[in-house]
Amino acid sequence: MPVLAERLAAVRDRIAQAASLAGRDPAQVRLLAVSKGQPVQALLEATELGQRLFGENYLQEALPKMMALGTRGVEWHFIGPLQSNKARDVARRFDWVHSLDRPKLVELLAKGRPPDRLPLNVLIEVNIDGEAGKAGCEPDAALKLAQLVAAQPTLRLRGLMTIPRPSLSIEAQRKPYRRLHGLYAELIMRGFVLDTLSMGMSADLEAAVAEGAHIVRVGTALFGERT
Ligand SMILES: *Cc1c(COP(=O)(O)O)cnc(C)c1O
C-alpha cells in the first residue's frame with residue numbers, strides 16, 4: 001500500500017479508537033489534513049483516498065493548491081496566524097477560518113466575505129494556557145469576540161480552536177483541551193449556537209478526542225515531515 005494510504009488509515013484508526021474509548025461516535029470527529037509545506041501532488045493523492053478537508057497556514061501557498069484541486073468538493077480551512085492585510089482574500093477563498101483572535105479581524109473578514117455566498121465559518125482561537133507571545137485571544141476575551149462575530153451576517157460562528165503547549169503524558173495533554181471545552185460550554189450556556197471544537201494534532205489527537213474535539217488537525221502523521 002502506498003505510504004499516504006497507510007498513514008491515512010492509521011490516523012483514521014487512531015481517531016476511531018479514541019472516540020470509542022470516550023464513548024463517542026467516530027463520525028463526530030472530522031479529520032482536517034494539514035497540508036502546509038506539502039506539494040500539490042500529496043493533496044491530489046489524499047483526495048483520491050477520500051480526504052476532503054484541508055488546512056493551510058499561508059494564503060499564497062494555498063492559492064495554487066486550490067486551483068489544482070478545483071472541483072473535487074474540497075473544504076478549505078485557514079488555520080495559520082492571520083495578518084490583517086490577508087483577511088479579505090482569506091474570507092473569499094476559504095470555507096473556514098480557525099484563527100480569528102482579535103476584533104479587527106471580525107470586521108475585515110465580514111467585509112471580505114461576499115454577501116451572496118454562504119457565511120464564512122469561524123472559530124475563535126484561544127490561547128488556552130496563556131503562553132506569552134502566542135496567537136489566540138485570552139480566554140476572558142472570547143465572549144466579547146463571539147458577540148462581535150455573531151453580529152455579522154456574512155460570518156457564522158462555529159466554535160473554538162486552540163494550540164496548547166506540547167506535553168508528553170496524555171493526562172497533561174488533556175488538561176488544556178478540557179479547559180477549552182469548558183469555555184465552549186460556557187458560550188453555549190450564554191446562547192451561542194456552536195458545534196465545533198478544533199483541537200488535537202499529530203502528537204496528541206487522542207487527548208483532544210477524549211475531551212470532545214470535532215475537528216482534529218493532522219499534518220506530520222499523514223504527510224510525513226514538512227520540507
Ligand atoms: C502545522 C499545524 C498543525 C499540524 O501539526 P502536526 O503536528 O504536523 O500534525 C495543526 N494545527 C495548526 C494550527 C498547524 O499550524
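The values are calculated or read from the model by the stated rules, or taken from the named source; none is laboratory data. None of these values were measured; they are calculated from a predicted model. Positions of Cβ are generated from backbone atoms using ideal geometry, with glycine treated the same way; all protein chains shown enter the neighbour counts. The protein model used for the area step is the full one, side chains on, heavy atoms only, and it has no ligands, DNA or RNA in it. Shrake-Rupley method; radii C 1.70, N 1.55, O 1.52, S 1.80 Å.
Taking into account only those residues within region 85-117 that are open to solvent by 50 Å² or more (accessible area, probe 1.4 Å) and under 19 Å from Gly55 (Cα atoms), which is nearest to the ligand (Cβ to nearest atom)? Per the criteria, the residue is Lys86.
Would you point out the residue of region 12-51, among those that are charged (D, E, K, R) and in a helix (DSSP H, G or I), that is farthest from Pro2 (Cα to Cα)? By that ranking, first place goes to Arg14.
For region 21-60, filtering for residues that are over 18 Å from Ile215 (Cβ atoms) and open to solvent by 60 Å² or more (accessible area, probe 1.4 Å) leaves 9. Listed by position, the helices (runs of 4 or more DSSP H) contained in region 126-227 that have at least 2 residues being over 16 Å from Val97 (Cβ atoms) and free of Cβ contacts under 8 Å to residues at least 24 places away in the same chain are 170-189.
Among the residues that make up region 43-60, is at least one of them touching an Asp or Glu at 6+ places or on another chain (Cβ under 7 Å), in contact (Cβ under 8 Å) with a residue 12 or more places away in the chain and within 13 Å of the ligand (Cβ to nearest atom)?
Here is the first cut: in region 43-60, the residues touching an Asp or Glu at 6+ places or on another chain (Cβ under 7 Å) are 52-53, 59.
From what is left, the residues that are in contact (Cβ under 8 Å) with a residue 12 or more places away in the chain are 52-53, 59.
Among the residues that remain, those that are also within 13 Å of the ligand (Cβ to nearest atom) are: 53.
There is at least one residue in region 43-60 that is touching an Asp or Glu at 6+ places or on another chain (Cβ under 7 Å), in contact (Cβ under 8 Å) with a residue 12 or more places away in the chain and within 13 Å of the ligand (Cβ to nearest atom).
Yes/no matrix, rows are residues, columns are (1) at pLDDT 95 or above; (2) touching a helix residue (DSSP H, G or I) at 6+ places or on another chain (Cβ under 8 Å); (3) surrounded by fewer than 24 Cβ atoms within 10 Å (Cβ to Cβ):
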| residue | (1), (2), (3) |
| --- | --- |
| Ile163 | yes, no, yes |
| Ser169 | yes, no, yes |
| Ala172 | yes, no, yes |
| Tyr177 | yes, yes, yes |
| His181 | yes, no, yes |
| Val193 | yes, no, yes |
| Val209 | yes, yes, no |
| Ala213 | yes, yes, no |
